[in-house]
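**Student:** I have a structure here, written as structure tokens, and I will follow up with some questions on it.
The values are calculated or read from the model by the stated rules, or taken from the named source; none is laboratory data. Since this is a predicted model, take the numbers as computed values, not measurements. Using ideal geometry, Cβ is built from the backbone for each residue, glycine included, and neighbour counts are taken over all protein chains shown. The protein model used for the area step is the full one, side chains on, heavy atoms only, and it has no ligands, DNA or RNA in it. Shrake-Rupley method; radii C 1.70, N 1.55, O 1.52, S 1.80 Å.
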Amino acid sequence: MSRVDELAVAYRRAFLGDDGKPHLDGQAILDDLAAACGAFRSTQAFDATGRLDTARMAQLEGRRQVWLHVQRRIFGPAAVSEPKRTATFDDLN
């Protein structure tokens, strides 16, 4: 078994019950991580003047990536999908 597979098994043991669903403690931790990582919030951030705050956005996106990593380890890569890349103006020319 590869190291990645071993880690996935360890994550599942830590968070899931025998039925494959999060057990009470696992769900509590996942809920806390979701809140701390901003799992369901936008990563768009603005400074006091209303301009995009790219440093803050990068920080928020990093937190979100941790959440996605944990989700993929527990539920598999298909459980969490990244948005499809959309075409840019340059792609259309």
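**Student:** Filter segment 9-26 down to the residues that are closer than 17 Å to Val80 by Cβ and open to solvent by 60 Å² or more (accessible area, probe 1.4 Å), then identify the one that is modelled with the highest pLDDT.
**Tutor:** Across segment 9-26, the extreme among qualifying residues is Arg12.
**Student:** Take Gly20 and tell me if it is in contact (Cβ under 8 Å) with a residue 24 or more places away in the chain, on the phi > 0 side of the Ramachandran plot and not polar (S, T, N, Q).
**Tutor:** Details: in contact (Cβ under 8 Å) with a residue 24 or more places away in the chain: no; on the phi > 0 side of the Ramachandran plot: yes; not polar (S, T, N, Q): yes.
In short, no.
**Student:** Those residues that are farther than 12 Å from Val70 by Cα and part of a helix (DSSP H, G or I), I need them from segment 10-25; list them, please.
**Tutor:** Within segment 10-25, Arg13, Leu24, Asp25 qualify.
**Student:** Quick one: Ala58 ticks every box in (1) open to solvent by 70 Å² or more (accessible area, probe 1.4 Å); (2) free of Cβ contacts under 8 Å to residues at least 12 places away in the same chain except a single one, so which number is it?
**Tutor:** For Ala58, the failing item is (1).
**Student:** While we're on this one: Would you say Arg63 is in a helix (DSSP H, G or I) and open to solvent by 50 Å² or more (accessible area, probe 1.4 Å)?
**Tutor:** Yes: the conditions hold for Arg63.
**Student:** Is it fair to say Ala39 is touching a residue at least 12 places away in the same chain (Cβ under 8 Å), of a type outside the set (Lys, Arg) and outside any helix (DSSP H, G or I)?
**Tutor:** It is true that Ala39 is touching a residue at least 12 places away in the same chain (Cβ under 8 Å), of a type outside the set (Lys, Arg) and outside any helix (DSSP H, G or I).
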